[in-house]
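> Could you have a look at this structure, given as structure tokens, before my questions?
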């Protein structure tokens, strides 16, 4: 068979596409990724990718480029559009309408225009919850309710807190009195908002960088607003400037924080109101209730919309499934749950055939692939703290694990070098913590004196300073540098390559960019081995078979590779 040609949207480092290409039935010729470091990694590992079809932003793809993609035979769409949950309880958010959620619609738009044979959408496992929602816009009325039959809900959203100024602001905005010039820019807002988090205001402003910034800001204070929405606000703003100047001179102002909170609350409401206008959100008038400023909107569930929208485009999807896959059930040495929607054109599926996700292969915990299977063979290989260091060789350095079901899988196609075996540098306090913790323990198991650098260590997550255990599976791999994960038997941080192994990346997959960026790319990725199983479910729906079944890797039937 000819290989299916793939476009990978929101591609990241390329974990999802790596799994697809491992089947031998897919080749990536186009992709979208905005992060500069992830782009370097993706390009390094996908030789079939065509430079002219490696887009930075999904919105950059024009109609003529869609036609070109069709001409070169792109017939599979894969990717994981960002999807952010919304909680009305989180009043500290400065944004209301998640631009990330809009990217879900951009993903579907590519499917609508490109008309591929099949697609895979990967996402957070909570995508099907009520927290993931779209705000109904003014032009969606009949399409949503009559054509897609999506349930639209009336909802009251809190967009601010009541202050002496906000009542006047509500009336002003409800009467159409809106201008963007009423807002201060984001940087100034952020700098002023930082004051509200300080215990020592004078100490904060006396820091050299802060003193320099606010001294310069105060010289143009009267011109920061080009216009004011009311005289009362103007008086508070100008008075705040005088109080800030007094702080700069080293004099504490009793009224400063109170007045600042009034200003910031107005600005937060203006920010959210601007989002509503910019996104054409259908809303009812602003009002106040108890201590809150509220607005009545209509919302609908992202997951319900996605399923019905994709079906309306003529695709049969895995709607009878649970949608959630756990990587550990597919040979990945890690507990990681992700949501998948797979679909294939109805005309390409045999009558009676369903589109389904792969069935779990490993269901008994004692049969899970363990951390030792993933990284123990690297234990004797020298690590580096510098990404520019030449990669060490496997030869005469690795610990042989011929009974390890993933041993040959990891080394398949590799030229005998351990790339990205790079770790974060270890400070003295961190090394003391490393030496104290035993496998399975974390920050909370430390002696109190070793927690002293944390302001409120009771809030530290259990994954921080986690020493891994060879005999168990890993928790969800995020950015293990930030979490300070510790090697199971050595007093050092987990390397980028070891984290990549926990994610089931083969050793031939090379990460590029800064050290921090490489750790982040690994943590953001879809485990390639899990993706390989999902790719096989697409092949099954289209009546094709992989060159080798992924289950045979776990059953140790992969041909031995020489390293």
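The values are calculated or read from the model by the stated rules, or taken from the named source; none is laboratory data. A quick note: this is a predicted structure, and the numbers were derived from the prediction, not measured. Don't worry about glycine lacking a Cβ; one is built from the backbone with ideal geometry, like all the others, and counts go over all protein chains shown.
> Is there a residue being at pLDDT below 95, crowded, with 20+ Cβ neighbours inside 10 Å and assigned to a loop (DSSP other than H, G, I, E, B) anywhere in the stretch 501-509?
Here is the first cut: in the stretch 501-509, the ones at pLDDT below 95 are none.
No: the stretch 501-509 contains no residue that is at pLDDT below 95, crowded, with 20+ Cβ neighbours inside 10 Å and assigned to a loop (DSSP other than H, G, I, E, B).
> Which ones in the stretch 486-497 are closer than 24 Å to residue 43 by Cβ and not in a loop (DSSP other than H, G, I, E, B)?
So the first thing to find is which residues in the stretch 486-497 are closer than 24 Å to residue 43 by Cβ, and the list is 495-497.
Matches in the stretch 486-497: 496, 497.
> Another question, then. Restrict the check to the stretch 441-448 and report whether at least one residue is more than 22 Å from residue 332 (Cβ to Cβ), in a loop (DSSP other than H, G, I, E, B) and either within 22 Å of the chain's Cα centre (by Cα) or touching a residue at least 40 places away in the same chain (Cβ under 8 Å) (or both). I'd like the intermediate steps shown before the answer.
Narrowing the stretch 441-448 to residues more than 22 Å from residue 332 (Cβ to Cβ): 441, 443-448.
Keeping just the survivors that are in a loop (DSSP other than H, G, I, E, B) gives 441, 446-447.
From the residues that got through so far, the ones that are either within 22 Å of the chain's Cα centre (by Cα) or touching a residue at least 40 places away in the same chain (Cβ under 8 Å) (or both) too are none.
No, every residue in the stretch 441-448 fails to be more than 22 Å from residue 332 (Cβ to Cβ), in a loop (DSSP other than H, G, I, E, B) and either within 22 Å of the chain's Cα centre (by Cα) or touching a residue at least 40 places away in the same chain (Cβ under 8 Å) (or both).
> Just to be sure I understand, how many residues within the stretch 132-161 are loosely packed, with under 15 Cβ neighbours inside 10 Å and under 30 Å from residue 533 (Cβ atoms)?
0
> Still on this structure: Out of (1) closer than 30 Å to residue 31 by Cα; (2) surrounded by 13 or more Cβ atoms within 10 Å (Cβ to Cβ); (3) at pLDDT 90 or above, what's the single condition that is false for residue 71?
Of everything listed in (1) closer than 30 Å to residue 31 by Cα; (2) surrounded by 13 or more Cβ atoms within 10 Å (Cβ to Cβ); (3) at pLDDT 90 or above, residue 71 misses just condition (2).
> Right, residue 342: in a loop (DSSP other than H, G, I, E, B) and touching a helix residue (DSSP H, G or I) at 6+ places or on another chain (Cβ under 8 Å) or not? Break it down into steps so the answer makes sense when it comes.
Working: in a loop (DSSP other than H, G, I, E, B): no; touching a helix residue (DSSP H, G or I) at 6+ places or on another chain (Cβ under 8 Å): yes.
So residue 342 does not fit the description; no.
> Something else about it: From the list 56, 44, which residue is out of contact with any helix residue (DSSP H, G or I) (no Cβ under 9 Å at 6 or more places or on another chain) and under 18 Å from residue 525 (Cα atoms)?
On the way: 56 fails: out of contact with any helix residue (DSSP H, G or I) (no Cβ under 9 Å at 6 or more places or on another chain).
So the residue among 56, 44 that is out of contact with any helix residue (DSSP H, G or I) (no Cβ under 9 Å at 6 or more places or on another chain) and under 18 Å from residue 525 (Cα atoms) is 44.
> Which of the following residues is closer than 22 Å to residue 177 by Cα and either at pLDDT 90 or above or in the same structural domain as residue 212 (by TED's automatic domain parsing) (or both): 235, 245, 249?
Result: 235 is the single residue among 235, 245, 249 that is closer than 22 Å to residue 177 by Cα and either at pLDDT 90 or above or in the same structural domain as residue 212 (by TED's automatic domain parsing) (or both).
> For the stretch 54-64, how many residues meet the condition of being surrounded by 11 or more Cβ atoms within 10 Å (Cβ to Cβ) and under 16 Å from residue 113 (Cα atoms)?
Summing the residues that are surrounded by 11 or more Cβ atoms within 10 Å (Cβ to Cβ) and under 16 Å from residue 113 (Cα atoms) in the stretch 54-64 gives 3.
> Is one or more of the residues making up the stretch 215-227 farther than 19 Å from residue 243 by Cβ and in contact with a helix residue (DSSP H, G or I) (Cβ under 6 Å, 6 or more places away or on another chain)? Let's see the steps before the verdict.
Filtering the stretch 215-227 for residues farther than 19 Å from residue 243 by Cβ gives 226-227.
Then drop every residue that is not in contact with a helix residue (DSSP H, G or I) (Cβ under 6 Å, 6 or more places away or on another chain), which leaves 226-227.
Among the residues of the stretch 215-227, at least one is farther than 19 Å from residue 243 by Cβ and in contact with a helix residue (DSSP H, G or I) (Cβ under 6 Å, 6 or more places away or on another chain), which makes the answer yes.
> For residue 353, indicate whether it is in contact with a strand residue (DSSP E or B) (Cβ under 9 Å, 6 or more places away or on another chain), free of Cβ contacts under 8 Å to residues at least 24 places away in the same chain and either in a loop (DSSP other than H, G, I, E, B) or surrounded by fewer than 21 Cβ atoms within 10 Å (Cβ to Cβ) (or both). Full working, then the answer.
Details: in contact with a strand residue (DSSP E or B) (Cβ under 9 Å, 6 or more places away or on another chain): yes; free of Cβ contacts under 8 Å to residues at least 24 places away in the same chain: no; either in a loop (DSSP other than H, G, I, E, B) or surrounded by fewer than 21 Cβ atoms within 10 Å (Cβ to Cβ) (or both): yes.
Spelling it out, it is not the case that residue 353 is in contact with a strand residue (DSSP E or B) (Cβ under 9 Å, 6 or more places away or on another chain), free of Cβ contacts under 8 Å to residues at least 24 places away in the same chain and either in a loop (DSSP other than H, G, I, E, B) or surrounded by fewer than 21 Cβ atoms within 10 Å (Cβ to Cβ) (or both).
> Condition test on residue 274, is it within 26 Å of the chain's Cα centre (by Cα) and surrounded by fewer than 18 Cβ atoms within 10 Å (Cβ to Cβ)? If you could, list the steps in order and put the result at the bottom.
On the way: within 26 Å of the chain's Cα centre (by Cα): yes; surrounded by fewer than 18 Cβ atoms within 10 Å (Cβ to Cβ): yes.
So residue 274 fits the description; yes.
> Now a separate question. Out of contact with any helix residue (DSSP H, G or I) (no Cβ under 6 Å at 6 or more places or on another chain), at pLDDT 95 or above and over 22 Å from residue 333 (Cα atoms): which single residue out of 436, 476, 495 fits that description? Reasoning before the result, please.
Details: 476 fails: over 22 Å from residue 333 (Cα atoms); 495 fails: over 22 Å from residue 333 (Cα atoms).
Just one listed residue meets the conditions, 436.
> Here are some residues: 527, 488. Which one is at pLDDT 95 or above and either over 20 Å from the mean Cα position of the chain (by Cα) or surrounded by fewer than 21 Cβ atoms within 10 Å (Cβ to Cβ) (or both)? So that I can check it myself, show each step before the final result.
Details: 527 fails: either over 20 Å from the mean Cα position of the chain (by Cα) or surrounded by fewer than 21 Cβ atoms within 10 Å (Cβ to Cβ) (or both).
Checking each option against the conditions leaves just 488.
> A further question on this structure: In the stretch 359-404, what count of residues is obtained for those that are surrounded by 19 or more Cβ atoms within 10 Å (Cβ to Cβ) and at pLDDT below 90?
2
> Of 269, 257, which residue is crowded, with 19+ Cβ neighbours inside 10 Å and touching a residue at least 24 places away in the same chain (Cβ under 8 Å)?
Working: 257 fails: crowded, with 19+ Cβ neighbours inside 10 Å.
Result of the check over 269, 257: 269.
> Considering the stretch 279-311 alone, what residues qualify as being in contact with a strand residue (DSSP E or B) (Cβ under 7 Å, 6 or more places away or on another chain) and under 16 Å from residue 340 (Cα atoms)?
302, 305, 306, 307, 310, 311
> Identify the residue in the stretch 229-252 that is part of a loop (DSSP other than H, G, I, E, B) and touching a residue at least 40 places away in the same chain (Cβ under 8 Å) and, among all such residues, is farthest from residue 167 (Cα to Cα). Break it down stepwise before answering.
Of the stretch 229-252, the ones part of a loop (DSSP other than H, G, I, E, B) are 229-230, 249-252.
Next, from what is left, pick out any that are touching a residue at least 40 places away in the same chain (Cβ under 8 Å): 229-230, 250, 252.
Details: 229: 13, 230: 12, 250: 34, 252: 29 Å.
Here the residue is 250.
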